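The values are calculated or read from the model by the stated rules, or taken from the named source; none is laboratory data. This one's a predicted model, so the numbers in the text were calculated from it and none came from an experiment. Ideal geometry is used to build each Cβ from the backbone, glycine not excepted, and the neighbour counts take in all protein chains shown. Side chains are part of the model used for accessible areas, which takes the heavy atoms of the whole protein and leaves out ligands, DNA and RNA. Shrake-Rupley method; radii C 1.70, N 1.55, O 1.52, S 1.80 Å.
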There are 2 protein chains.
Amino acid sequence: MTLHQRAERASYDLAALDALLGDVPVIRDPILIRRRSRDFFWYSPILAEQLKEVSADIVVKPRNEADVVRTVAACAKLRIPVTARAGGTGNYGQAMPLAGGVLLDMTDMTGVIWQKPGSVRVRAGTNILALDQEIRPNGFELRMHPSTKRTATIGGFVAGGSGGVGSVAYGGLREPGNILAARIVTIEEEPRMLELRQDAAQKVNRAYGTTGIITELEMPTAPAWPWIDVVVAFDSFAEAFRAGRDVAHADGVVKKLVTPIAWPIPSQFSALKDACPEGKSILVCMIAEPFLDSFRTILGGRGQETYASPSREEPTETPLYEYAWNHTTLQWLKTDRSVTYLQLLYPQDRLEESVMEMAALFEGEVLPHLEFIRFAGRITCSALPIVRYTTAERLFEIIRMHEERGVMVANPHVYGLEGGSRHKRAEADQLGFKAEVDPMGLLNPGKMESYVPVR
Amino acid sequence: MTLHQRAERASYDLAALDALLGDVPVIRDPILIRRRSRDFFWYSPILAEQLKEVSADIVVKPRNEADVVRTVAACAKLRIPVTARAGGTGNYGQAMPLAGGVLLDMTDMTGVIWQKPGSVRVRAGTNILALDQEIRPNGFELRMHPSTKRTATIGGFVAGGSGGVGSVAYGGLREPGNILAARIVTIEEEPRMLELRQDAAQKVNRAYGTTGIITELEMPTAPAWPWIDVVVAFDSFAEAFRAGRDVAHADGVVKKLVTPIAWPIPSQFSALKDACPEGKSILVCMIAEPFLDSFRTILGGRGQETYASPSREEPTETPLYEYAWNHTTLQWLKTDRSVTYLQLLYPQDRLEESVMEMAALFEGEVLPHLEFIRFAGRITCSALPIVRYTTAERLFEIIRMHEERGVMVANPHVYGLEGGSRHKRAEADQLGFKAEVDPMGLLNPGKMESYVPVR
């Protein structure tokens, strides 16, 4: 049964909403509404079934914060659910409007408000590539971005992501200092605007929009380097892992991406096939150009460098990071939807042992794809392995078997916030905060499952 | 007995040298020669006695590489020892001319040869502060520098140091990528110039000048931040340690120095006394200005911030880093020469346990002063504790007791290279390399004790 059928969805007074919205732009075409209501939840065969009927009733496209305030005030008055959404690049239904109602499309709220060395203030709907292009002339770039940089927004990244390209240097968004501030609108008949700084900003990190509508973000920026995309091929996954580990631990080499990927995953990288020799596992890296020789020194002749070129993000190019993070999975899904994936965090204190144990335990079924990251000040591996899917029971067994062996799993096959977050969770009282900013529980009801409306 | 008395020093044909040197500048005044022959070896009461009579016979001050070549060719022909030296800021006699002969004063060989984003090529005798001032207008700075930045040279740092301010972010000089290249002159009748790149450059790292005369260095540079000097006072050393540990592990906070110092050491910081309340241990930090709020968030109200001000390096100012690394020891020695110090590396995997064990074991005798650093990709603590000196026997017992408990000691109370290096040693075959570049063993004979001349 799908969620939509099960939920006996309430119907909402859309006519009254219409009257209250005034000139705030809306989309009423059911085809468009349905299309905008979807993200990449279909990466999960389980969610693909559960969420396939999920749709909002109307899309509202605020032009500015005043439009957001007007919309959420109306929704609060009429008890209509609101789900903020932007690029729609989530892979486990982060912003699917579970109870219908208003889909608040944030993609027209764009633009840099100010920037200075080390930080940028930006409207939440700003595309991440556009943001980087606006700060790079001043010598800066975002510390990290998802592999969906070219289509995702900064607000969506903070609300739905956890880290990405750059996390090998700076850790995830959950690290203190990686979100400097967030401005949010509360969901009340008289909405308030709150400025959440430092620790407080973690209350909106990876809450999938359930703890307020993010309208602005203040993000730290890093000095921009010219990045070189590099692929190195190895005879075995173990060799690719060890080379990646050595690079990740090399504090003298400035890097943004260190990604070991086991054969046969690279066989699916059709546009990159010259760099992916038959039978070889690969290491995908982004290295700051001045330190490429130092990177090669660390490899010390291990592996075969099959590709090295400046990172390009123009519309006609495919940057190498679009083969990493969850784009690795997408590359396979482009031609074969029989696979899915997991999100893992390996134990830092016995990293190699644990990685090799899992690779052997699920040989041919769970195909290793690691992402070296910093986590709480230490290098470890997160992982987005490709899973050859058979049944939901087997998938959950695989998850259990990982957890029993000390590998943490942020399950991307459940749509609820609490069920899936685990190690990706921000250290903040998001549940308590929701009572303050969304007392009626109108922000995508059902997403933060443990929340009980306070009025 | 002092080394000078023991060594039955050979006498050299200085008249013949004179003839071969031509117009290369020299100093012949015995008072000046003796003064230039000394460094801060007197930090060690043991070395203070052993090395007190050590002196070169003549100081040669090359203006350029041609002068260096002419000098060492002459020395090779006449079998006269050569000891390169620059700022003379070493703390354990790194460049004391054990066998006399020529002291090669490199401080006139200065200047940036070229710089580009991420790297700089510089003559070895360039003062480190001057170098930083020349690259900062382009937005860069050295990744790390010793606390003696204002007086030391870059060549001396590479030849005699191991890391310093900045190593909490980039690790030590021994990390791949932290020395990009070194140009050296060999000690032969027909000297050769060798360019050592990447790994090969480690052959001159911390070899105290025994593996060739460094004339040029290519160093990686880091994006320059405006640094804020911060002091936070705590009721106990354990609290200062834990706060420092949390800051050191925070990858979201850009930092250059994280230094816990136990009371009563701060009682000796007379010029900083307003920031050092009676009885308090302190944490000394340098934090990039845009991330100061994130730093304070991590402290979360722990401790009392007693000082925060932009880092200043002008001649009339004392930058905060001159209370860290081995300047901590110097601050005490300014008024009381009854103390000395050690160089420690704590085990990364039981850092707090080990630090606290040693603090308790030697309470009142070995006063904790830690430096958080990255080492092989992990955060750990090096340490330069103040030792209340009684006897050489007790000092060596203290060293042994540290080693027995898993704390590595780079003994700064021996003048030989091999006896003191330990964890500070570069991973390179320096002994084998010396046979190639100094076959007769003329570079400060006695310093690399295990070397046997090959011709």
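Side notes on the structure shown:
- Protein-protein interface of the range A:267-292, residues with accessible area decrease of at least 50 Å², isolated chain reference, 1.4 Å probe: A:Phe291
- Cβ crowding within 10 Å averaged over residues, with A:219-228, A:354-363, A:18-27 ranked highest first: A:219-228, A:354-363, A:18-27
- Between helix B:237-248 and chain B: long-axis angle, C-alpha atoms, 0 to 90°, nearest 10: 70
- Spherically averaged projected area of the range A:363-455 from its Cα convex hull (nm²): 7.7
- When the Cα convex hull of the range A:3-105 is projected onto planes of every orientation, the mean area is 6.2 nm².
- Solvent-accessible area buried by A and B, counting both chains, probe 1.4 angstrom, square angstrom: 2600
- Quotient of Cα Rg and 2.2 N^0.38 Å for the range B:112-223, N being how many residues it contains: 0.99
- Simple spin-label estimate for B:Ser270 and B:Arg302 in nanometres, 7 Å along Cα-Cβ: 3.3
- Rotation relating B and A, chain A residue nearest the axis via C-beta, angstrom: A:Pro223, 2
- For the segment B:247-258, counting C-beta atoms of other chains within 10 Å of every residue's C-beta and taking the mean gives 5.
- Scattering profile of the range B:224-286 at q = 0.18, 0.22, 0.25 Å⁻¹ [log10 I(q)/I(0), Debye over alpha-carbon scatterers]: -0.61, -0.85, -1.01
- Listed peptides A:276-289, B:306-319 appear in the order A:276-289, B:306-319 once ranked by packing, highest mean of other Cβ atoms within 10 Å at the front.
- Each copy carries a label point for B:Arg35 at 7 Å from Cα along the beta-carbon vector; from one copy to the others these points are 8.3 nm apart, nearest first.
- Averaging 1/r over each pair of different alpha-carbon atoms in chain A and inverting the result gives 22.4 Å, the Kirkwood hydrodynamic radius.
- Sorting B:78-88, B:240-250, A:55-65 by average packing, meaning the other beta carbons within 10 Å per residue, from highest down gives B:78-88, B:240-250, A:55-65.
- Distances, shortest first, from the label point of B:Arg388 to those at the same position in the other copies read 7.0 nm; the point lies 7 Å along Cα to C-beta.
- Cα centroid of the range A:127-193 to Cα centroid of the range A:28-78, whole Å: 21
- Computed over chain A: relative contact order in percent, which uses C-alpha pairs under 8 Å that are six or more apart: 16
- The calculated P(r) of the range A:342-400, using every Cα pair and 10 Å bins from 0, goes 23, 53, 21, 3 in percent.
- Straight-distance candidates among the aspartates and glutamates for linking to B:Lys61, with alpha-carbon spacing under 15 Å and chain neighbours fewer than 8 residues away dropped: B:Asp18, B:Asp23, B:Asp29, B:Asp105, B:Asp108.
- Between identical copies, the spacing of B:Ala435 label points, each set 7 Å from Cα toward the C-beta atom, reads 7.6 nm from nearest to farthest.
- The range B:297-341 versus the range A:221-274: alpha-carbon centroid distance in Å: 41
- Residues in the range B:324-369 occluded by at least 20 Å² - accessible area, probe radius 1.4 Å, against chain by itself: B:Gln348
- Only aspartates and glutamates eight or more places from A:Lys203 in sequence, or on another chain, were considered; those with a Cα closer than 12 Å are A:Glu195, A:Glu427, A:Asp429, A:Glu436.
- Given A:Lys255/B:Lys434; B:Lys334/B:Lys447; B:Lys77/B:Lys116, the pairs whose alpha carbons are separated by over 31 Å: A:Lys255/B:Lys434; B:Lys77/B:Lys116
- Residue by residue along A:372-380, Cβ atoms of other protein chains within 10 Å of the local Cβ number 3 on average.
- Taken residue by residue and averaged, Cβ atoms of other chains lying within 10 Å of the Cβ of B:169-180 number 5.
- Remark on the protein assembly as shown: hydrodynamic radius 29.8 angstrom, per the Kirkwood mean of 1/r across alpha carbon pairs.
- Per residue solvent-accessible surface (Å²) - chain B, probe of 1.4 Å: 35
- Of the solvent-accessible surface of the range A:227-413, computed with a 1.4 Å probe over protein heavy atoms with every protein chain present, carbon and sulfur atoms account for 48 percent.
- For the range A:268-311, the spread of Cα positions along each principal axis, largest first, Å: 31, 23, 11
- The portion of the accessible surface of the range B:112-223 made up by carbon and sulfur, rounded to a whole percent, is 50 (1.4 Å probe; DNA, RNA and ligands excluded).
- Charge sum, other residues only, whose C-beta stays under 12 Å from B:Tyr170's C-beta, Lys/Arg counted +1 and Asp/Glu -1: +2
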